[in-house]
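Okay, structure first, notes after.
The values are calculated or read from the model by the stated rules, or taken from the named source; none is laboratory data. In this text, all values refer to a predicted model and were calculated from it rather than measured experimentally. Here the Cβ is made from the backbone with ideal geometry for all residues, glycine too, and neighbour counts use every protein chain on show. We work out accessible area using only protein heavy atoms, side chains counted, and drop any ligands, DNA or RNA first. Shrake-Rupley method; radii C 1.70, N 1.55, O 1.52, S 1.80 Å.
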Amino acid sequence: MTTANEPYVLNIGPQHPSTHGVFRLRVVMDGERIQDIDMVIGYLHRSMEKLAEERTYTQNIPFTDRTDYLAAMSNNLGYCLAAERLAGVEVPERASYLRVIFAELQRIASHSMGNGTFINDAGAWSTPLMYMFREREKILDLFEMTCGARLTTNYMRIGGVAFDPPNEFYPAVNALIDELPDRIDEYTELLVDNEILLARTRNVGVLSAADAINGSITGPMLRASGVPWDLRKAEPYCSYDRFDFDIPVGHVGDCYDRFMVRLEEMRQSVRIIRQALEDLPSGPHKTEIPLALRPEPGEAYARVEGPRGELGFYVVSDGGPAPYRFHIRAPSLINLSLLRQMAVGASLPDAIVTLGSTDIVVGEIDR
Amino acid sequence: MPSSAQDLALTLPHYLVVSGMIFGIGIAVALSKRNAIAVLMGIELMLNAVNLAFLAFSRFGSSFGIASEGNPAAPLAGHVFVVFILTVAAAEAAVALAMAVLVYRRRETVDLDRINLMRW
Amino acid sequence: MSAALDPIRVRVRVTSPRLAVTLGIVLVLFGAASIGIAYVVVSGMLDGHWYDFRDLGLGMAHLREWLNEVNAGQPAALSAFLGDQWISYITGALLGATGILTFFGLLLLILVWVERRLIGRIQVRKGPNRVGPFGLLQPVADALKLIQKEVLIPIGADRFMFYLPPVLVFIPGLLVWAVVPWAPNMNYLDTNVGVIYLIAISSTATLAIFMAGWASNNHYALLGAMRTVAMMISYEIPLSLALLMVVLMTGSMQLSTIVQWQVDHHVWLGMLMPLALFTFFFSSTAELNRTPNDIAEAESEIVAGFHTEYSGMKFGLFYAVELGNAVAVGAFVAAFFLGGWSLFGLETWIPPYLIFAAKAFGGYFVLVWLRGTLPRFRLDQLMSFAWKYLIPISLLQVLLVAIEVTAMRYMHFPDFVELSLVGAANLAFTIFIVRAWATFLGYRPEREQVLKPTMAKQMGGLRAAEEMRTR
Amino acid sequence: MPRGPRQLDGHEVARLLSAAVPGAVTVATDEWVEIQPGRVVDVMRWLHDDAEMDAAQLSNLCGVDRYDHFEIVYHLQSLDQNHQIVVKARLTDHEAASVQSCFPVYTGALLQEREVYDLMGIHFDGHPDLRRMFLWEGYPAFPLRKDFLQIVDHHPGLPHFPFETGKQER
Amino acid sequence: MDSIGVIIGFYALAGLTVGAALLVFLVRNLLHAVLALVLAFLGMSGLFITLSADFIAMAQILIYAGAIPVLLVFAVMLTPHASRDNANSLFAPGGLLIGLGFAALFVFVAMATVWPVLDVETLHVQSFAGTVRTIGAALLGDYLLAFELASVLLLAAFVGAVALVREDEA
């Protein structure tokens, strides 16, 4: 019911349970319906792209941890690929397998978090989140075991990975990937057939395939809209072309499809990890690169399929020890391009669910 | 001192006085308020006063007679009336408030001094 | 081995012999106590004595007799003035009120712990376990924290209206406990309009919540208040209809009579009228603002809804009364639908109030369980569920129950036959009407089946997407 | 010169592009095609619609400050053909840099162009919602420009490797 | 004969009701006036209980403390500019006078008239315990027509209210 001509402006954020960070939506409401939505971002802006211009190539790796702090491994990987491409560094076989293993573990951890918070946004009081945290915790333990850090791993190096995993790592990761399919089935049982969840997420925040492609949407959101596009298959980096896995693709492009695609991707990641562990070659885990890496002048754009989409690093070199220009193509930010289109006209709870299904990480949006 | 208790005992006029006072206040509210919603509140007060009178008559009055085998509800006729009044009051409140909202939407005011047209 | 491994390895904890011995002793003592109690009960040593704690009413009756003796010694003038037996009257009233207040206060204190522990268990974590043994002192710590917190009043808020709602919410939460039938002789206010008292008292909370949201001068709070009002008013109707079925069946609005009817007929009303049970329970979750209907304080949408701006003990009151009301709902579900204090004859052995409390807490546990499991409905879905499903179906069910009651009045089969017929008819009707009504409103289960993502082997863009869709 | 694995040859793209949109291409290298900033929408529309180019998605958009000019770098992605096209636009006016917005062709440019505007101060003509994004409205400078701090004789970037002594490269 | 408790209760409740009703007139804030009104209604239901009308008292709470104030507050909220104001109109002195006159008249009549009341014995014999069943029987017996009409009225009011506040589809 409208009362008068004055707009009813609701601030969602910067401190709000559903924005998952310091992110603000300025929502103009008509009753419970959203008339207009405006994103106010930048609360977490640290100007990493500028800072990176003053650090050497190796010194920049920790910055990438801190962009998407839920998927540090993928960020490390993307940046290292870009730097390697720029400097023409070859990566040993073992290192690229290890990279795959850790990137996929990170994908599982990140999707657990994304799906958990998404269900949380739909109103389940933290229970699925806590369940998914349980597995994420074990993955973070594996990270800690290998590189000493849990979130900001700083594990990948230009030319390989920082450390060979310790011997305890292999039984632990094997136990984990044996357990994970059961756990994912458990989530499926808990959530997928839940009528309330279906009612809340189906046909909510629908994005057609054409819109999604045109809007530069990537990652699970693009796949949920029905577009079979995954960089791991389309442009196999590391050693992804040697593994057998499927790309789950949604039907409608609604929040439910995004959730399901993420859930299914966790299963596929388990498959990849299992294959990679079986064929893990021996050999060095790292190519020695000169400490003072000075790539030839030029530019390189390398991208990986991060948990949130195409994670690109555009690095320009002028021959000096630091990148001349360092740009991160942040999927979290670009996936938000169409939020307005999805949310306007929907009701507030739908908009929250839609925002949850885009799975943003504010550190990456703001960088 | 049974006599003093007798004197204190509640009788019909006690309730009628209260009822009359509330009715008067209701009239004053209904007649002198500028806001249509306040006027409605006055009317509700008046209806309540009437309810009280009905119940008091039902309790003390003799004109309805005493409950008997054939007519057990005789002394409760007042209660039945009150039930109807409650119904009507609820209906009336809903419609009147809907009208107030409608008037506000059209005229941006519920000030009765300024709602002086029969149609608009 | 690094410490990081520990959570991954399953650690088998060896049960210590000391624990086993302790458990054994406890079990033996428990068994001995049970046998002793059984002997005492069977031998009839307790019957009629005040120390028969199976029936607290007996103790009260003894007390009343004694007080009446005292009363007889008082001057007659006082009796004329204050009524006969005024001492026992006033003492009884005060005792009952004190009992309810004490119970309510303790209940709230315990519930804070219980709820958080239960939710913790559901969420594979431990819950509060630091303050005191098993974290039992956590509510005390919480209360202390809340009490010493500053109570903030938002700028532009209506101070008077802002202060009032926590109190106003608390009053109905306390008052509904008056009519709870704990045991045969344990009703504080056994009024013959108990059911309508319940509905009337609980309906007053709506206004308080609305005031809280309105006076906060906060957009979240206002949205929450609007949602609350829309939802509470809508769900009062199915709630009342469910209770109407109970009243129709038992022919009374007195809670003790309703329970007694179930005892006399050896049946629980929940078995006879599953639809009424479901309607009552679901509507209650809406009235309580609990998951899956907690849209009024939907955390992920409007932060905390109507009590966003409340801090300190004012928030504490809202929080506490929500917990208390949850148990109250459990109690009323027990009284109306689960046979109250009866347990098929066992109530002569076990104190009925304990049976009743167990049932009430069972209902509460289901509420906590739901809260820990289910996502939240959207406002429009909830409203359409009330208006499009619950109300029409309940109305039809009321009609059916009325017909059954009338038929039972004219037929003279044994109770057992009659009631099983009624139960079977109601169950069949429920299943039939729910399906038929859903189909009538356009629900097609086959259209709602879950679509799993399809697996793509070939990468591509829009063209590939079209191909996949058509395939 | 590193090139992405499935990146189209710049010369080839330039040849087709100049046939379709005459006068738009200024420079072509192995890696990229450089176009006139005033023709961005035309070029993008053609690249987007052409069946062979099929640049369905604007994968990445960013700006590079080259002291005397700006480069806007577009990474276009064809999902069906699975190739990438790199297009650049050179903005010679360093003080009042402005380029056509490609929002009419790619809605995904919405936030990316806003980001470039916010951090580099490049104006996008035809962008529907060109406001500061990370920095607040009214912030005077554009941090990703090389002359951000305006300190005399300060050269942004790392002059030499931290533990390297002696050599001064630049 | 009433016990002292009932008598004290009556005077307290009467004072509360009349005082709250006066507050409705005097309070400047319309929402506070609504609260005072609710208080008056609650006091009124207490008076009903002293009249042994338990069912009506509960119905009074249900309708006048549960439903109507919410409607009132909603209406106040939907009309924001006028919401804070409980001002008197130009007719206020006249209205007050008329109200006082009516009150005085009623009080005078109530005191002066010799009402045909039941004598004390009958009053005590007459049982008012459990009015619900009797009222229900009366509603569906002697007053059936009125009952049905009331339900029709409620339906009409329901539909009418919805029709009134519905926004124009155009």
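In whole percent, how big is the carbon plus sulfur part of the accessible area of the protein assembly as shown, probe 1.4 Å, protein atoms only? Accessible surface attributable to carbon and sulfur in the protein assembly as shown totals 64 percent.
In terms of the ratio Rg/(2.2 N^0.38 Å) built on C-alpha atoms, what value belongs to the protein assembly as shown?
Details: Rg = 37.6 Å, N = 1298, 2.2 N^0.38 = 33.5 Å.
It is 1.12.
Counting other Cβ atoms within 10 Å, which GluC sites (Glu not before Pro) in the stretch C:363-471 have at most 16 and lie in a DSSP loop? Answer by residue number: there is no such site.
Accessible surface buried by the C/A pair amounts to about 5200 Å², both sides summed, 1.4 Å probe. If you look at the Cα atoms of the stretch A:61-365, you get an Rg and a Dmax of 18.9, 59 Å. Could you give the dipole magnitude of the stretch D:6-149 about its Cα centre, charging the beta-carbon of Lys and Arg +1 and that of Asp and Glu -1, in debye to the nearest 20? Taking the Cα centre of the stretch D:6-149 as origin, the dipole is about 240 debye.
Chain C and chain E together bury an accessible surface of about 2300 square angstrom, both sides counted, with a 1.4 Å probe and no ligands or nucleic acids included.
Considering every residue in E:154-164, what mean count of other chain Cβ atoms within 10 Å of its Cβ is obtained? Please list the in-between numbers first.
Numbers: counts 5, 1, 2, 10, 4, 1, 5, 10, 2, 3, 11.
Shielding by partners across E:154-164 averages 5.
When the alpha carbon coordinates of the stretch E:1-85 are projected onto the principal axes, the ranges are 53, 25, 11 Å, largest first.
The ellipsoid that matches the Cα gyration tensor of the stretch A:289-367 has semi-axes, each √(5λ) in whole angstrom, of 37, 11, 9, with the longest given first. Exposed loop sites here are chymotrypsin sites (Phe, Trp or Tyr not before Pro) assigned a DSSP state other than H, G, I, E or B and surrounded by at most 13 other beta carbons within 10 Å; excluding them, the longest clear run of chain D is D:68-135.
Taking a ≥ b ≥ c as the square roots of the eigenvalues of the Cα gyration tensor of the stretch C:345-471, is the shape rounded (a/c under 1.5), prolate (a/b larger than b/c) or oblate? Since a/c reaches 1.5 and a/b is larger than b/c, the shape of the stretch C:345-471 is classed as prolate. Applying 1/(1 + (r/R0)^6) with R0 = 56 Å to the Cβ-Cβ distance of C:Ala407 and C:Val42, what FRET efficiency is obtained, to the nearest 0.05? The computed FRET efficiency comes out at 0.85. Remark: spin-label model distance E:Leu100-A:Val28 equals 5.3 nm, labels positioned 7 Å along the Cα→Cβ axis.
Can you compute the equivalent ellipsoid semi-axes for chain D, i.e. the square root of 5 times each eigenvalue of the Cα gyration tensor, sorted largest first and rounded to whole Å?
Values: eigenvalues 177, 90, 41 Å².
Calculated on Cα positions only, the semi-axes equal 30, 21, 14 Å.
For the stretch C:218-228, backbone phi angles converted through the Karplus equation (6.51, -1.76, 1.60; θ = phi - 60°) give residue-by-residue couplings of 9, 5, 4, 4, 5, 4, x, 5, 4, 4, 4 Hz, Gly and Pro being listed as x.
Rounded to the nearest whole Å², what accessible area per residue is found for the protein assembly as shown with the 1.4 Å probe? Kindly include the intermediate steps, with their values, before the conclusion.
Details: 52940 Å² over 1298 residues.
Value returned for the protein assembly as shown: 41 Å² of accessible area per residue.
Partner shielding of C:62-73 amounts to 0, given as the average count of beta-carbon atoms from other chains within 10 Å of each residue beta-carbon.
If you average the sequence gap of Cα pairs under 8 Å that are 6 or more apart and divide by the length of the stretch E:1-85, what percent do you get for the contact order? Can you show the working numbers first?
On the way: 78 pairs, mean separation 25.7, N = 85.
Taking the mean separation of contacting Cα pairs over the length of the stretch E:1-85, I get 30 percent.
Once you mark the GluC sites (Glu not before Pro) that are in a DSSP loop and have at most 15 other Cβ atoms within 10 Å, what is the longest gap between them in chain D?
Working: sites that count: D:Glu52, D:Glu95, D:Glu137, D:Glu164, D:Glu169.
It works out to D:1-51.
Here r is the Cβ-Cβ distance between C:Leu164 and C:Val131 and R0 is 35 Å; the resulting FRET efficiency, rounded to 0.05, is 0.60.
Under a 5 Å amide H cut-off, with hydrogens placed 1.01 Å from N, A:Val9 pairs with A:Met29 among residues at least 5 apart or on other chains.
Placing R0 at 30 angstrom, the Cβ-Cβ distance between A:Glu54 and D:Thr29 gives a FRET efficiency of 0.60 after rounding to 0.05.
Only helical runs count toward this figure. For the protein assembly as shown, summing -39,500 (n - 2.57) over DSSP H runs of n ≥ 4 and dividing by all residues gives -18000 deg cm²/dmol at 222 nm.
According to the square roots a ≥ b ≥ c of the eigenvalues of the Cα gyration tensor, what is the shape class of chain C, taking rounded for a/c under 1.5, prolate for a/b larger than b/c otherwise, and oblate for the remainder? Write down the numbers at each step before the final one.
Details: a/c = 1.43, a/b = 1.31, b/c = 1.09.
Since a/c stays below 1.5, the shape of chain C is classed as rounded.
For the chain pair E and B, buried accessible area totals roughly 7400 Å², probe 1.4 Å, rounded to the nearest 100. Each label point was placed 7 Å from the Cα along the Cα-to-Cβ direction; for E:Ile8 and C:Leu395 their separation is 4.9 nm. Over the stretch D:62-126, all Cα pairs binned in 10 Å intervals from 0 give whole-percent P(r) values of 20, 53, 22, 4, listed from short to long.
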